[in-house]
Amino acid sequence: LPHVHGYYPIGTYGCGPLMSVIERQQTLEIILDEVNGKIPVVAHVGHSGTKPTIVLAQHAKKAGADGVGAIAPYYAPHLPEENLFCHFASLIDAVNEDEFPVFLYNNAHYSQNPVSPRLLTRLASHGLRGCKDSSFDIVNLFAYQDAVADYLDFNLIVGTEAFFMAAFDAGSKGMICGMGNIFPEILNQMH
């Protein structure tokens, strides 16, 4: 634990979308037990549907996670922006509190539903507290920064090690990446 500032489990690298809801709940409970409050755990609760996403988020909150993050609904590509807003707003309404933030996970490659900067602003005004951007596009990251500039407590997190130094220089507040699972001490030292 000395090399990381928090965990974001059961997402892409954690194979969360391949697990059943019950498997994801059990996995989170094991993780929370092992971490035992030493560092924050933000549980990935993204699902192809809004109701299972909320069920997973409510479980994470009750189980003791420090927040939740969710990818846009997958399997139904190119959803209208209003549908994406309703999905994330429902999640925010279900669990968001000052001490329990909701994060968005922008990964258009897997969800086929990219989140526009305009939508990110709208969600931030609804209570969204952060975003992990895995667009692998630094221009998108800059557009996101502009979109949430008025929300001083918003946490924009880069989702790749490919340009995390540039992202930090530009104001990103963190990084969640696959390489961190293998070499956390190196990435911590670079941070």
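Output the residue which, of all residues in the stretch 171-182 that are assigned to a loop (DSSP other than H, G, I, E, B) and surrounded by 14 or more Cβ atoms within 10 Å (Cβ to Cβ), is farthest from the chain's Cα centre (by Cα). Steps first, please.
Here is the first cut: in the stretch 171-182, the ones assigned to a loop (DSSP other than H, G, I, E, B) are 171-173, 176-178.
After this cut, where a residue has to be surrounded by 14 or more Cβ atoms within 10 Å (Cβ to Cβ) as well, the list is 172, 176-177.
Values: Ser172: 14, Ile176: 9, Cys177: 11 Å.
In this case the residue turns out to be Ser172.
Taking the stretch 1-43 as the range and being without any contact (Cβ under 8 Å) to a residue 24 or more places away in the chain and polar (S, T, N, Q) as the test, the residues that pass are Ser20, Gln26, Thr27, Asn36. The number of residues in the stretch 20-50 that are in a loop (DSSP other than H, G, I, E, B), open to solvent by 50 Å² or more (accessible area, probe 1.4 Å) and not basic (Lys, Arg) comes to 5.
Being part of a loop (DSSP other than H, G, I, E, B), free of Cβ contacts under 8 Å to residues at least 24 places away in the same chain and open to solvent by 50 Å² or more (accessible area, probe 1.4 Å) narrows it down to one residue among Ala149, Ala162; which is it? After applying the criteria, what remains is Ala149.
Here's the yes/no breakdown for (1) more than 16 Å from the chain's Cα centre (by Cα); (2) small (Gly, Ala, Ser); (3) more than 14 Å from Thr12 (Cβ to Cβ):
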| position | (1), (2), (3) |
| --- | --- |
| Leu91 | no, no, yes |
| Asp98 | yes, no, yes |
| Tyr105 | no, no, no |
| Ala108 | no, yes, no |
| Leu128 | no, no, yes |
| Ser135 | no, yes, no |
| Ala147 | yes, yes, yes |
| Asn155 | no, no, yes |
| Asp169 | yes, no, yes |
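Taking each residue of the stretch 116-145 that is under 12 Å from Leu156 (Cβ atoms) and basic (Lys, Arg) and looking for partners that are open to solvent by less than 10 Å² (accessible area, probe 1.4 Å) and part of a helix (DSSP H, G or I) with beta-carbon atoms closer than 9 Å, six or more apart or interchain, yields Arg129/Ile92.
So which of Leu128, Leu120 ends up being in a helix (DSSP H, G or I) and modelled with pLDDT of 90 or more? I'd like the intermediate steps shown before the answer.
Numbers: Leu128 fails: in a helix (DSSP H, G or I).
Answer to the check: Leu120.
Out of curiosity, is Leu28 in contact with a strand residue (DSSP E or B) (Cβ under 6 Å, 6 or more places away or on another chain) and more than 23 Å from Ala147 (Cβ to Cβ)? Spelling it out, Leu28 is indeed in contact with a strand residue (DSSP E or B) (Cβ under 6 Å, 6 or more places away or on another chain) and more than 23 Å from Ala147 (Cβ to Cβ). Whenever a residue of the stretch 73-86 is within 10 Å of Arg122 (Cβ to Cβ), its partners that are loosely packed, with under 14 Cβ neighbours inside 10 Å, lying with C-beta atoms within less than 8 angstrom and at least six residues away or across chains, give the pairs Glu81/Arg118.
Residue check: is Phe154 more than 24 Å from Glu99 (Cβ to Cβ) and surrounded by 20 or more Cβ atoms within 10 Å (Cβ to Cβ)?
Working: more than 24 Å from Glu99 (Cβ to Cβ): no; surrounded by 20 or more Cβ atoms within 10 Å (Cβ to Cβ): yes.
No: the conditions fail for Phe154.
Take the residues in the stretch 72-108 that are among the aromatic types (Phe, Trp, Tyr) and part of a loop (DSSP other than H, G, I, E, B), then tell me which one is surrounded by the most Cβ atoms within 10 Å (Cβ to Cβ). Among residues in the stretch 72-108 that are among the aromatic types (Phe, Trp, Tyr) and part of a loop (DSSP other than H, G, I, E, B), the one surrounded by the most Cβ atoms within 10 Å (Cβ to Cβ) is Tyr74.
Would you say Phe142 is at pLDDT 95 or above and at negative phi? In short, no.
The numbered conditions (1) under 29 Å from Pro184 (Cα atoms); (2) small (Gly, Ala, Ser); (3) open to solvent by 50 Å² or more (accessible area, probe 1.4 Å) are all true for Gly69 except (3).
A single entry from Leu128, Leu119 fulfils the requirement of being open to solvent by less than 70 Å² (accessible area, probe 1.4 Å), more than 13 Å from Val45 (Cβ to Cβ) and in contact with an Asp or Glu (Cβ under 7 Å, 6 or more places away or on another chain): Leu119.
The values are calculated or read from the model by the stated rules, or taken from the named source; none is laboratory data. What you are looking at is a predicted structure, and each value in this text was computed from that prediction instead of being measured. FYI the Cβ positions are ideal-geometry reconstructions off the backbone, even for glycines, and counts take in every protein chain you see. Quick note on the areas: whole protein, heavy atoms, side chains included, nothing else; ligands and nucleic acids left out. Shrake-Rupley method; radii C 1.70, N 1.55, O 1.52, S 1.80 Å.
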